[in-house]
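The values are calculated or read from the model by the stated rules, or taken from the named source; none is laboratory data. All values derive from a computational prediction rather than experimental measurement. Using ideal geometry, Cβ is built from the backbone for each residue, glycine included, and neighbour counts are taken over all protein chains shown. Side chains included, ligands, DNA and RNA excluded: accessible areas come from the protein's heavy atoms. Shrake-Rupley method; radii C 1.70, N 1.55, O 1.52, S 1.80 Å.
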Amino acid sequence: MKVSKKILGKRGETQARAYLRALGYTFIAKNVYFRGGEIDIIMRDANALVMIEVKTRTSISKGYPEEAVSSEKIQLMYRIGET
């Protein structure tokens, strides 16, 4: 059975939060909207806030997740981080 993109994305975000918690990160928020876009997950690592963009893939046939993060998304994250 094929899983919808929305459900797959939510599963990926849940798995990412669990993985980062296991590494010692503290969860702050998810799906936070800012002017210009959304940040999937915000966590704390020691004294730093960390913004996470989650790209869930069932295979790499269409590329690696990191290849799916656009330059616009990266610029948005930089702008948000500077505020």
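Only one of the numbered conditions (1) touching a residue at least 24 places away in the same chain (Cβ under 8 Å); (2) over 24 Å from Ile7 (Cβ atoms); (3) within 13 Å of the chain's Cα centre (by Cα) is not met by Met43, and that is (2).
Scanning the stretch 7-40 for residues being under 25 Å from Gln75 (Cβ atoms), more than 12 Å from the chain's Cα centre (by Cα) and of a type outside the set (Phe, Trp, Tyr) gives a total of 4.
Return yes or no: is Lys62 of a type outside the set (Asp, Glu), surrounded by 13 or more Cβ atoms within 10 Å (Cβ to Cβ) and either touching a residue at least 40 places away in the same chain (Cβ under 8 Å) or in a loop (DSSP other than H, G, I, E, B) (or both)? Taking the combined requirement at face value, the residue does not satisfy it.
For first residues located in the stretch 6-30 and under 14 Å from Val50 (Cα atoms) and part of a loop (DSSP other than H, G, I, E, B), partners that are open to solvent by less than 80 Å² (accessible area, probe 1.4 Å) and not basic (Lys, Arg) and lie 6+ apart or on another chain with Cβ distances below 7 Å form the pairs Tyr25/Met43; Tyr25/Asp45; Tyr25/Val50.
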